[in-house]
Amino acid sequence: MPIHWCLESRLRILLFGSLGEQIGREIDADLPAEGCSVASLRMLLAERDPAFAPLARASARACVDQAIVREDYVIRPGQEVAFVPPLSGG
């Protein structure tokens, strides 16, 4: 089903780790005035530009206002959004 939104607000999205290296450390995106879920934002970005395809994977955790959120969390205009890739280490 196509997404039809009235795009009224700009959203700044921060990208960390390998996502930032692949895509860029910061991107701007249009956000519906009523907001949208994290899952919808991922789809919107991946549809907008193939370079954003890594964001479509749920393995990259979403943070809103510096707190990790679920895929159904509704992002509102003015909030800070960040995506963090999975970490590994020893």
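Taking only DSSP H segments of four or more residues, each worth -39500 (n - 2.57), what value at 222 nm results for the chain once the sum is divided by all its residues, to the nearest 500 deg cm²/dmol?
Values: 2 runs with 18 residues, N = 90.
Helix-only estimate at 222 nm: -5500 deg cm²/dmol.
Residue-wise HN-Hα couplings along the stretch 18-26, as the Karplus relation 6.51 cos²θ - 1.76 cosθ + 1.60 with θ = phi - 60° gives them from phi, are 5, 4, x, 5, 6, 9, x, 6, 8 Hz; Gly and Pro carry x. Taking trypsin sites (Lys or Arg not before Pro) in DSSP loop states with no more than 13 other Cβ atoms inside 10 Å as exposed sites, the chain has its longest site-free stretch at 26-56. For residue 37, nonlocal amide neighbours, meaning residues 5 or more places apart or on other chains whose placed amide H falls under 5 Å from its own, are 75.
Counting neighbouring beta carbons within 10 Å and listing from fewest to most, the residues 74, 81 come out as 74, 81.
Counting Lys +1, Arg +1, Asp -1, Glu -1, what net charge surrounds residue 71 among other residues with beta carbon under 14 Å of its beta carbon? Don't skip to the end; give the middle numbers.
On the way: positive: 42, 57, 61, 70; negative: 72.
Charge balance in the 14 Å sphere: +3.
Please give me the summed charge of the neighbours of residue 14: other residues whose Cβ is under 9 Å from its Cβ, Lys and Arg +1, Asp and Glu -1. Neighbour charge sum, excluding residue 14 itself: 0. Each Lys and Arg Cβ is given +1 and each Asp and Glu Cβ -1; about its Cα centre, the chain then shows a dipole of about 220 debye.
When Cα extents along the principal axes in Å is calculated for this entry, the matching label among [x] 65, 33, 19; [y] 37, 28, 28; [z] 45, 27, 22 is [z].
Laboratory data are not the source of any read-out in this text; all were calculated from the coordinates shown. Every value quoted in this text rests on a predicted model; they were computed, and no experiment measured them. A quick note on method: Cβ atoms are made from the backbone with ideal geometry, for glycine too, and the neighbour counts reach across all protein chains shown.
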